Every structure is written in C-alpha cells, then in structure tokens.
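Enquirer: Below: one structure in structure tokens.
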Amino acid sequence: MPLAIFDLDNTLLAGDSDHLWGEYLVSQGIVDGEHYARENTRFYHDYRNGTLDIDAFLRFTLRPLSELPRERLEALRADFLDTCIAPIMLEQAHALIARHRDAGDTPMIITATNAFITAPIAARFDIPHLLATLPAERDGRYTGEVEGTPTFREGKVERLTAWLAEHDRDLAGSHFYSDSHNDLPLLEQVEHPVAVDPDPQLRATAEARGWPVISLRD
C-alpha cells in the first residue's frame, strides 16, 4: 500500500491554518492584537520566503496554548474549525484523497503546523495518519514548548523516516503533494513528487525537473 502524502496548508486547504489561527486569536481578543497580528504576518512572509526561524516561530505560536486552560482552547478550536477552516477545505482535495484511497494507497498528512490545530482538520479529511509538530504537555496543559522534531523542511523527512521504521513501511510508489519550496527535502525523497498550486520557487523547480504541476482550486 504506497503512501499518498499531502502537505496541508495551501495544498489541501485554500489558506494557511497556522496563520489563520493567529488571526482568529486576534479577532477573539485572546492575544495582544496589534503586536500579535504584525508578528503573525511577519512569520508567514518569512515562511513564504524560505527564511523562517522555526524555533522562534514555534515559541510565538505555541505560547497562547500555554496560557489558556484546555477546555477554553478546545472551544476556541471548534469555532475556528467551523468558521475559518471548513470554508477553505477544497472539494478537489477530497476527490484526490478519495482517488488514492480507492487505488489502495495509504493517505497521510505531513505538516509543520502543530497537531493541536491540525489533528481535527486531518479527521475532517478522513485521514488517520498525521505527522505534525507536537506541542509539549505537562499535567494536562500545554507548556509552550515543542516535543521532538518539528515537521518542517528536513524535519518532515526525519519524522517520516521514523514513522516508516516504526510501521515497517517504505516509500516505494509514494506520492507527496505540496505547494511550498520548503518541502523540497521531502519532495526529493518520494517516487512521485507533485507540485500543487505551487509558490514561484517550487513551480520553477518542478518545471525544471519535470514534476507534475496541478491545481486543486476552482
């Protein structure tokens, strides 16, 4: 059963769930609006430009999780999923996942966005296998720190390699769909790399290497 691996943000979603979560926290008055909005946008531009300091970004994005009780976080997340995520889940993404499932492939999402945000999104896509950045927990609360290796750039390869060993699987026949040049380390590992609505850097690389370039947008 080959793996059909999907990036999440701007691939299966018509937007970035991490950035949208930051905007949502601002809209709800959970964080310092002006400062947080400015930093949220700066980090997003750094990501798009390939200059993101992942450690600084994770300290920024995981801090609000450590400042609220779990019940409050889960209530906010439920509203966020309904109001911000459901409208950007792409119909063609559902169809692509279904085609791979019908072909006998194993769908998986690998995303740098933390698992608190992405686990319920993966569930809405009916994808049981998720590799995401893990927020550390202690005594039922998030600490604001990261557990293990973030699933970003080479970290996606590291985490997937560990998953493959744990499940006695390999990348034979595998696909990986992504929009971002940040995912080149993993795109270069699979048999079938596919650029999905790619950023300019990934589009140029895909065209130079003869990789398929597709769109899941209407």
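Enquirer: When the solvent-accessible surface of protein heavy atoms is calculated with a 1.4 angstrom probe, in what order do H175, H35 fall, highest first? Don't skip to the end; give the middle numbers.
Expert: Values: H175 40, H35 80 Å².
Descending order: H35, H175.
Enquirer: Follow-up. Taking all protein chains in place and a 1.4 Å probe, what share, in percent, of the accessible surface of the chain do carbon and sulfur account for?
Expert: Heavy-atom surface of the chain belonging to carbon and sulfur, 1.4 Å probe: 48 percent.
Enquirer: Mind listing the phi-derived Karplus ³J(HN,Hα) values for the stretch 50-58, rounded to whole Hz, using 6.51, -1.76 and 1.60 with θ = phi - 60°, and x for any glycine or proline?
Expert: With coefficients 6.51, -1.76 and 1.60, one gets x, 10, 5, 7, 5, 5, 5, 5, 5 Hz.
Enquirer: What's the angle, to the nearest 10 degrees (0 to 90), between helix 33-49's Cα axis and the longest principal axis of the chain?
Expert: It works out to around 20 degrees.
Enquirer: Using only alpha carbon pairs under 8 Å that are at least six residues apart, calculate the relative contact order of the chain and give it in whole percent. Each step should come with its number before you reach the end.
Expert: Numbers: 333 pairs, mean separation 54.4, N = 218.
So the answer I get is 25 percent.
Enquirer: Residue-wise, which Karplus ³J(HN,Hα) couplings in Hz belong to the stretch 196-205, taking 6.51 cos²θ - 1.76 cosθ + 1.60, θ = phi - 60°, and x for glycine or proline?
Expert: Per-residue couplings from phi come out as 10, 6, x, 5, x, 5, 5, 4, 4, 5 Hz.
Enquirer: Any idea of T11's accessible area? Nearest 10 Å², probe 1.4 Å.
Expert: 0
Enquirer: OK, next. With every protein chain left in place, what is the accessible area per residue of the chain in square angstrom, probe 1.4 Å?
Expert: Per residue, the chain has an accessible area of 45 Å².
Enquirer: Any idea what log10 I(q)/I(0) is at q = 0.11, 0.26 Å⁻¹ for the stretch 130-218, Debye with uniform C-alpha scatterers and no solvent?
Expert: The computed values of log10 I(q)/I(0) come out as -0.39, -1.24.
Enquirer: In addition: Note the angle between two axes, namely the Cα long axis of helix 17-27 and the longest principal axis of the Cα atoms of the chain, as a number of degrees from 0 to 90, rounded to the nearest 10.
Expert: The angle comes out near 20 degrees.
Enquirer: Can you quote the Å³ per residue value for the convex hull of the Cα atoms in the stretch 30-189, rounded to an integer?
Expert: Taking the convex hull of the Cα positions in the stretch 30-189, it is 128 Å³ per residue.
Enquirer: Highest GNM mean-square fluctuation, the chain, Cα pairs closer than 10 Å: which of L90, L164, L52?
Expert: L164
Enquirer: What residues have an amide H closer than 5 Å to that of L3, excluding those fewer than 5 places away on the same chain, when H is modeled at 1.01 Å from N in the peptide plane?
Expert: T106, S174, H175
Enquirer: Please sort by residue number the GluC sites (Glu not before Pro) in the stretch 133-217 whose DSSP state is loop and whose Cβ has at most 14 other Cβ atoms within 10 Å.
Expert: E188, E191
Enquirer: Explain nothing, just compute: Karplus ³J(HN,Hα) = 6.51 cos²θ - 1.76 cosθ + 1.60, θ = phi - 60°, for every residue of the stretch 78-94 in order, whole Hz, x for Gly and Pro.
Expert: So the J values, rounded to whole Hz, are 4, 5, 4, 4, 6, 8, 10, 9, 3, x, 10, 6, 7, 4, 5, 5, 4.
The values are calculated or read from the model by the stated rules, or taken from the named source; none is laboratory data. The structure presented is a predicted model; accordingly, all values stated were derived computationally and were not measured. Please note: Cβ atoms are built from the backbone with ideal geometry, for glycine as well, and neighbour counts cover all protein chains shown. These area figures cover heavy atoms from the full protein model, side chains too; ligands, DNA and RNA do not enter into them. Shrake-Rupley method; radii C 1.70, N 1.55, O 1.52, S 1.80 Å.
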